[in-house]
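Notes follow the structure.
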Ligand code: C2E
Ligand code: MG
Ligand code: MG
Ligand code: MG
């Protein structure tokens, strides 16, 4: 109330914050039921090789179809889930959906690795490896069918613990990606120790690289750094042809972004893929 008496601007700000708090609390309540109520949806976004346009996998991205609020994006509920003890069931839902989709594609003769995002909390869960193993067993998946993405900042919350967890995940054979690279302040010494296969350059740098020289330098040095460490490099948030051409000229390996496709419902992917093959027969 003190802030409210200090002037109009503060009153608006405080009111906005109260409303935001109330909204978040209500969402936490709803999230408890949402998973069992079948309100989560699996979307996937394709990745393609810059050298030849070939599809090389999809990233699994979750959406929440809220009965009153419409479709919610992860930025509205992932951190809520992390802070209210609901991230494990949510990650399990996404893994189950991703493994299931991968199974369906294998039945249809499609070979499309699916990358699942893990959160910082998942990395700290002593049962994570057992959970992942169970999904592999249930769906008869091979290590090459499923990949995992871990953000650089999640790893840096507990560098030593993350390193151990990554080794145990890597023992299962799946490819591991460092996500949102460039935003998490890891050191070269630390990176060198991580048993990962690829680095994903954060989309904030990719989206800026043609207009901002600092971002361009970061993109270019990340590509060189990754290659020096024998890692592949993926650019996320590639929105147009100009970005694609620029990254290709810099020697980046893989692109993900609207220039290829927005995230689409997992069930719609096979049709999207055939349509793309029809339009660009060489890919
Ligand atoms: P991310 O893993 O870095 O995923 C890429 C995000 O960039 C996605 O946002 C995607 O829709 C968006 N994107 C892709 N291409 C473009 C583009 O060309 N331009 C722009 N402007 N954006 C693009 P989304 O789906 O909203 O997900 C946001 C973040 O939420 C993800 O970032 C990921 O960290 C997290 N997330 C999503 N699904 C899950 C999940 O199942 N589990 C966990 N733990 N986190 C998830
Ligand atoms: Mg990701
Ligand atoms: Mg990413
Ligand atoms: Mg990102």
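The values are calculated or read from the model by the stated rules, or taken from the named source; none is laboratory data. From a predicted model like this one, the values you see are computed outputs, not experimental measurements. No Cβ is skipped: glycine too gets one built from the backbone with ideal geometry, and neighbour counts run over all protein chains shown.
The table for this structure:
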| item | result |
| --- | --- |
| Number of the condition not met by residue 75 [criteria: (1) closer than 30 Å to residue 252 by Cα; (2) in contact (Cβ under 8 Å) with a residue 40 or more places away in the chain] | (2) |
| Any pair with Cβ under 8 angstrom, 6 or more apart, that starts in region 164-188 at a residue that is under 22 Å from residue 130 (Cα atoms) and ends at one that is within 11 Å of ligand 3 (Cβ to nearest atom) and part of a helix (DSSP H, G or I) | 178/152 |
| Condition check for residue 193: modelled with pLDDT of 95 or more, away from ligand 1 (no atom under 14 Å from the Cβ) and closer than 26 Å to residue 119 by Cα | yes |
| Output for region 38-68, where each listed residue is surrounded by fewer than 19 Cβ atoms within 10 Å (Cβ to Cβ), assigned to a loop (DSSP other than H, G, I, E, B) and touching a residue at least 12 places away in the same chain (Cβ under 8 Å) | 39, 51, 52, 53, 54, 67 |
| Qualifying position, being within 15 Å of ligand 2 (Cβ to nearest atom) and buried (at least 16 other Cβ atoms within 10 Å of the Cβ), among 208, 202 | 202 |
| Residue 81 vs. criteria part of a helix (DSSP H, G or I), at negative phi, out of contact with any strand residue (DSSP E or B) (no Cβ under 6 Å at 6 or more places or on another chain) and at pLDDT 95 or above | yes |
| Any helices (runs of 4 or more DSSP H) falling wholly within region 188-270 and containing at least 1 residues that are within 16 Å of ligand 4 (Cβ to nearest atom) and within 19 Å of residue 43 (Cα to Cα) | 203-208 |
| Residue ID - nearest to residue 59 (Cα to Cα), chosen from residues in region 140-163 that are within 16 Å of ligand 4 (Cβ to nearest atom) and surrounded by fewer than 20 Cβ atoms within 10 Å (Cβ to Cβ) | 153 |
| Residue 130 modelled with pLDDT of 95 or more and assigned to a helix (DSSP H, G or I) | yes |
| So residue 170, is it within 13 Å of ligand 1 (Cβ to nearest atom) and under 19 Å from the mean Cα position of the chain (by Cα) | no |
| Any chance residue 270 is touching a helix residue (DSSP H, G or I) at 6+ places or on another chain (Cβ under 9 Å), touching a residue at least 24 places away in the same chain (Cβ under 8 Å) and under 25 Å from residue 128 (Cα atoms) | no |
| Matching residues in region 176-185 - criterion: being within 16 Å of ligand 2 (Cβ to nearest atom) and either more than 14 Å from the chain's Cα centre (by Cα) or at pLDDT below 95 (or both) | 182, 183, 184 |
